Protein chains: 2
Amino acid sequence: MFTPKPIGYVRSPYTSTKAIPKGLGVKHDEEGVLDILPEFEPGLIDIDGFSHLFVIWAFDRSEGFDLFGPSPADNRPHGVFATRSPRRPNPIALTVVELLRRDGPKLHVRGVDMLDGTPILDIKPYMSSIPADKLRRGWLAEAEARKQQP
Amino acid sequence: MFTPKPIGYVRSPYTSTKAIPKGLGVKHDEEGVLDILPEFEPGLIDIDGFSHLFVIWAFDRSEGFDLFGPSPADNRPHGVFATRSPRRPNPIALTVVELLRRDGPKLHVRGVDMLDGTPILDIKPYMSSIPADKLRRGWLAEAEARKQQP
């Protein structure tokens, strides 16, 4: 395979996992910076035109994995590939952020849910969406429905 | 960091990169199978309820990277982080697929753009979309506009 290497690091207001909002209906509106290493700055050319980016990053402070376990968004356990749990066979994470502006190798973004200092593995442009009316959201929709019941 | 390991392999109709549709406005409607290793099958519990999945996989037949280069969707070069090029500092790929059905450890999906035998690193549920009217698509939108001009 390959050996993952950081292309940069996240600057985020979160220094502990407890501070990161989790659970049903959570919104991530915090701003942060994707601080790309100077050697990779040419890879950012033309990224400014995209409003949203996929950020692929490493859960570098997570160890081991659980194939089946709890989620902060539900009181019932689920398979790890049906959740965003950090305890995964490959500790790879994915976050969609809004690109606010680029300042050389620094991407100012909204929507960070990473810890400060998190290594970034890749950035990709968000090119298209699945329309909301075509999405089924499985246990997540069920947990939301249960929460709304009196 | 961590050492990536396959959680399974893609079964796809594509055995050569030339066969994979590329370029502007391309649609990936081909069906394939995400063939998850039996040891990871418990991680798939409750995935069936989601209509769409993020598949994170390795460009295992790509070597090296170009920070700035051409894209099949445009005749102008762009920074690698503004494209889906396989020649990236970390050869990690992301594809959104539609989940058609699960047959034990086999996920039958629509929308594969991977080569047959591609190692899968992770699967995550697609939980929400950025509304199309909030997306800006940079050079991609510009290239589409140029193509439509007479």
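Computed values, structure above
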read-out	value
Calculated label separations, residue B:24, copies of the chain, 7 Å along the beta-carbon direction, nm	4.6
Residues B:114, B:1, sorted so that the one with the fewest Cβ neighbours within 10 Å comes first	B:1, B:114
Mean ellipticity per residue at 222 nm, deg cm²/dmol - from DSSP H runs of n ≥ 4 across chain B, formula -39500 (n - 2.57)	-2000 deg cm²/dmol
Pair-distance profile P(r), taking every C-alpha pair of region A:8-148, with 10 angstrom steps and integer %	11, 37, 35, 15, 2
At most 11 other Cβ within 10 Å, DSSP loop - GluC sites (Glu not before Pro), region A:48-150	A:63
Mean Cα-pair separation over length for chain B, i.e. relative contact order, pairs under 8 Å, 6 or more apart, %	37 percent
Cleavage-rule hits, trypsin sites (Lys or Arg not before Pro), region B:1-105, DSSP coil, Cβ neighbours within 10 Å at most 15	B:22, B:27, B:61, B:87
Chain A, closest residue to the rotation axis toward B, by beta-carbon, whole angstrom	A:129, 2
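Throughout, read-outs are computed from the coordinates displayed, never taken from laboratory work. Being a predicted model, the structure only gives us computed values, none of them experimental. Every residue, glycine as well, gets a Cβ built from its backbone with ideal geometry; the counts of neighbours run over all protein chains shown.
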